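The values are calculated or read from the model by the stated rules, or taken from the named source; none is laboratory data. Predicted model only: the values in this text are computed from it and were never measured. FYI the Cβ positions are ideal-geometry reconstructions off the backbone, even for glycines, and counts take in every protein chain you see. Keep in mind that these areas ignore ligands, DNA and RNA; they rest on the heavy atoms of the full protein, side chains included. Shrake-Rupley method; radii C 1.70, N 1.55, O 1.52, S 1.80 Å.
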Amino acid sequence: MALKINENGIDRDMTADEEAAYLAWAKIAQAEAKTNADAQIAKDAARQAVLDKLGLTQDEAQALLG
């Protein structure tokens, strides 16, 4: 099944070059999304580790820091 593209209001099948470019872009976008998600998980874990060391909950830390 060919991928579709809308060009000036007309749907058509992508050419082989367009499809290859789209699939390459999609692969990069998925890798970037995974990298961002992994970074957020690491950031959240580091934040929780600090809170655990201080013996504070997230709500308590926000109340202290404003």
Out of Ile10, Leu56, Leu23 - ranked by how far each Cα lies towards the positive end of the dipole of the chain, with unit charges on the beta-carbon of charged residues - the top one is Leu56
Under 16 Å from the Cα of Lys53, which aspartates and glutamates turn up, not counting those fewer than eight places away in the same chain?
-> Asp44
Treating the angle as unsigned and between 0 and 90°, give the value, to the nearest 10°, between the Cα long axis of helix 16-54 and the longest Cα principal axis of the chain.
-> 0
What number comes out for the charge environment of Ala61, summing +1 per Lys or Arg and -1 per Asp or Glu over other residues with Cβ under 14 Å away?
-> -2
For the range 1-57, which semi-axes, largest first and in whole Å, follow from the square roots of 5 times the eigenvalues of its Cα gyration tensor?
-> 45, 11, 6
Accessible area in square angstrom per residue, the chain, 1.4 angstrom probe = 87
